[in-house]
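Only one structure is covered here, and it is reproduced in the block below.
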Amino acid sequence: MGKPTGFLEFTRELPKKRDPQQRIHDYKEIEVPFSEQDSQRQAARCMDCGTPFCHSGCPLGNIIPEFNDAVYEQNWAYAYEILATTNNFPEFTGRICPAPCESSCVLGINKPPVAIEFIEKSIAEVAFEKGYVKATPPKVRTGKQVAVVGSGPAGLAAAAQLNKAGHTVTVFERADQIGGLLRYGIPDFKLEKWTIDRRLAVMEAEGILFKTSVNVGVDVKAADLMEQFDLVMLTGGSTVPRDLPIPGRDLKGVYPAMEFLSQQNKRNASLPVQVDHQGAPYGDGELWATGKNVVVIGGGDTGSDCVGTSNRHGAASVTQIELMPMPPKERAANTPWPNWPMMLRTSTSHEEGCERQWSINTKAFIGDEHGNLKALRLVDLTWQNEGGRMQMVELPGSERDVPCELALLAAGFLHPQHNGLLDDLGLEYDERGNVKTTKYQTTANPKVFAAGDMRRGQSLVVWAISEGREAARAADCYLMGETRLEAKAVSMIEAV
């Protein structure tokens, strides 16, 4: 790399964050501005490791050592050129990706890994600032019409790649704004929405047509979609939440996490909060954590986002509970380098104030005489290996009621919505309820492709972008008999 001894001279440093007691009073991103020199020093830490395992760790196959070298040389235009060949939206992944590439960094074997995510965000922001991000409409159109249903990261990536191939792309979104999970699922303090609008302006200038508030399958029938388009790309996400059907589930005060989060994103955007992102009235009314004892059920990223939002509402207390045991504080032995490590992760939302509890099961929601939630009945668990499978066992005498006026269900999603468009298209589903495909092409209809959470199951934004890109390659090949779109390099791990 540009400075062979950089990893010996510089330590890992990430952008400073605003004070937690300051930032909980707004929804702005929490990191303070960085300098190009900061990025240069961090890029200098990239080793000449010979075998860059970071490629294997990145779902997009980003060419990481090369763009690190370009940043060290302060050749930002070249750095963005390298990054843009594999990642359509580095400004998103540079903010919200858990950075599996860093877990595979060779330097990370015995030192803090290279700050790859920070460098990626730096490249994207400098590229926008200096005008390197430009609309590049295709010079020739193929005459093929493609519909992309769903405008989350998978849909946007597929649309960008298919448009690049020369096809005429129309993106349908049933919400009132483009962006899917990026727009209404991720809080502004992690991803301010001007970053989405900035990218959409480029995509529109490249010729992509966006249609919002269109529920395909209702407003546009499946048969009409098939007749009007040469190919349909389904990227609607995994939208059926995992529920908790226990006593008291129907009490006022027990709500899905996404309803809580999307309402706040709409407030931040000065959009009507009386209706959900599909334009339907919220059945539960406006949700606020202000002055309440909040319990977030689910220990993942969505639960963490609920913690941060509840703190900004001014909750009386915030507790996050998880069924599984507390992960180890260091990399677990069963997830050795260069695998994604099983270990405890503390988010910026946790730093702002939260009690975290593990091996906890929720037995019932307890209400008052008016049907309002007032407490949760919890029980401690122990996990035992029975016949090779871990089974949870309740600890006798540990059952208790804890005060709670707002319980947020953040236990993930099961699969995409079947009734409506997917059933109307006659699609098949796998054993988990996701759209069944062979190399992104649905097994029931050769004109219909699927990508992202709808096909893969609930996953990371970086995986959704990868899915959209790879599905676009498969779709282009179907339409044209060949494709010149960039292929993801097969990683060493995948090749084994």
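The values are calculated or read from the model by the stated rules, or taken from the named source; none is laboratory data. This structure is a prediction, so every number in the text was calculated from the model and none was measured. Positions of Cβ are backbone-derived with ideal geometry, glycine not excepted, and every protein chain shown enters the neighbour counts.
Overview of results
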read-out: Identity of the residue in segment 383-407, modelled with pLDDT under 95 and among the polar types (S, T, N, Q), that ends up farthest from residue 248 (Cα to Cα); value: 385
read-out: Residue check for residue 173: within 23 Å of residue 474 (Cβ to Cβ) and touching a residue at least 60 places away in the same chain (Cβ under 8 Å); value: no
read-out: Subset tally (residues that are among the small types (Gly, Ala, Ser) and assigned to a loop (DSSP other than H, G, I, E, B)) for segment 338-381; value: 4
read-out: Residue that is nearest to residue 94 (Cα to Cα), among those in segment 434-450 that are buried (at least 16 other Cβ atoms within 10 Å of the Cβ) and polar (S, T, N, Q); value: 434
read-out: Qualifying residue in segment 466-473 (condition: part of a loop (DSSP other than H, G, I, E, B), closer than 23 Å to residue 84 by Cα and modelled with pLDDT of 95 or more); value: no
read-out: Of all residues making up segment 54-81, the number that are closer than 18 Å to residue 112 by Cα and more than 23 Å from the chain's Cα centre (by Cα); value: 2
read-out: Meets criteria (surrounded by fewer than 16 Cβ atoms within 10 Å (Cβ to Cβ) and of a type in the set (A, V, I, L, M, F, W, C)) for residue 395; value: yes
read-out: Verdict on residue 386 being in contact with a Gly (Cβ under 8 Å, 6 or more places away or on another chain), farther than 15 Å from residue 323 by Cβ and not small (Gly, Ala, Ser); value: no
read-out: Single condition residue 384 does not satisfy, out of (1) under 30 Å from residue 219 (Cβ atoms); (2) in a strand (DSSP E or B); (3) of a type in the set (S, T, N, Q); value: (1)
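So that you can scan it fast, the table gives a plain yes or no per residue for (1) surrounded by 14 or more Cβ atoms within 10 Å (Cβ to Cβ); (2) over 29 Å from residue 174 (Cβ atoms); (3) touching a Lys or Arg at 6+ places or on another chain (Cβ under 7 Å); (4) assigned by TED's automatic domain parsing to the domain that holds residue 232:
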{"site": "405", "(1), (2), (3), (4)": "yes, yes, yes, no"}
{"site": "426", "(1), (2), (3), (4)": "no, no, no, yes"}
{"site": "432", "(1), (2), (3), (4)": "no, no, no, yes"}
{"site": "452", "(1), (2), (3), (4)": "yes, no, no, yes"}
{"site": "461", "(1), (2), (3), (4)": "yes, no, no, yes"}
{"site": "466", "(1), (2), (3), (4)": "yes, no, yes, yes"}
{"site": "481", "(1), (2), (3), (4)": "no, yes, no, yes"}
